[in-house]
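Here is the structure we will look at, set down as structure tokens.
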Amino acid sequence: MSTLVVLGYPSEQEAKSAYQKILELDKNLIVSLQSIAVVAKRADGKYDVVTPGSAVGTSAVWGLFWGTLFGLLFFVPVFGAALGAGVGALTGLIAKRGVDKDFQERVRNLLSTDDCAAVFMVVDEMTTDKFIEAVKPFGGEVLQTSLSFKDEEELKHALFKE
């Protein structure tokens, strides 16, 4: 089972610092990341993915997943809007499979102030106590939702079909 974890920070710099630490934790096997991204909210109300070049989860499938998820959460167009009706179906599937309306609203509230940011991660597993101890100095607010194996497989199947 995978878990979508969102760590919210009052500034982009704090989120990027936490992001770098999480990449170290992945290398040290404290967390097993499928993918990771940083999203920042700008003063004009727009959202940007500001992930500094990561080797974790950079495939086209993860790009589509993040694009669809961020579109669902922040009402922003999915990268390459020409992807068509399949994206609408994928958005519905993500919403149905663990990213419910309550979670969506909590993420929006987490990123409600200008110039704030969040680290989004899809995690296979982690040594929770070591992870918490390592990211504690960065502060932040934590949200998470779990995807069952069945839900995860349905999402992967839908992503690969696109």
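Brief remarks on what is shown
- For segment 122-145, filtering for residues that are more than 12 Å from residue 5 (Cα to Cα) and open to solvent by 100 Å² or more (accessible area, probe 1.4 Å) leaves 5.
- Qualifying residue in segment 15-30 (condition: modelled with pLDDT under 65 and more than 15 Å from the chain's Cα centre (by Cα)): no
- So residue 85, is it open to solvent by 60 Å² or more (accessible area, probe 1.4 Å), within 22 Å of residue 48 (Cβ to Cβ) and modelled with pLDDT under 55: no
- Close pairs from segment 6-18: first of a type in the set (A, V, I, L, M, F, W, C), partner open to solvent by 40 Å² or more (accessible area, probe 1.4 Å) and not in a helix (DSSP H, G or I), Cβ under 6 Å, at least 6 apart: 7/140; 7/142
- Of everything in segment 1-54 that is in a strand (DSSP E or B) and among the hydroxyl-bearing types (Ser, Thr, Tyr), the residue that is surrounded by the fewest Cβ atoms within 10 Å (Cβ to Cβ) is 32.
The values are calculated or read from the model by the stated rules, or taken from the named source; none is laboratory data. All of these numbers come straight from a predicted model, not from anything done at the bench. Neighbour counts are summed over all protein chains in view; Cβ atoms, including those assigned to glycine, are modelled from backbone coordinates with ideal geometry. Heads up: the accessible areas ignore ligands, DNA and RNA and are worked out on the full protein's heavy atoms, side chains in. Shrake-Rupley method; radii C 1.70, N 1.55, O 1.52, S 1.80 Å.
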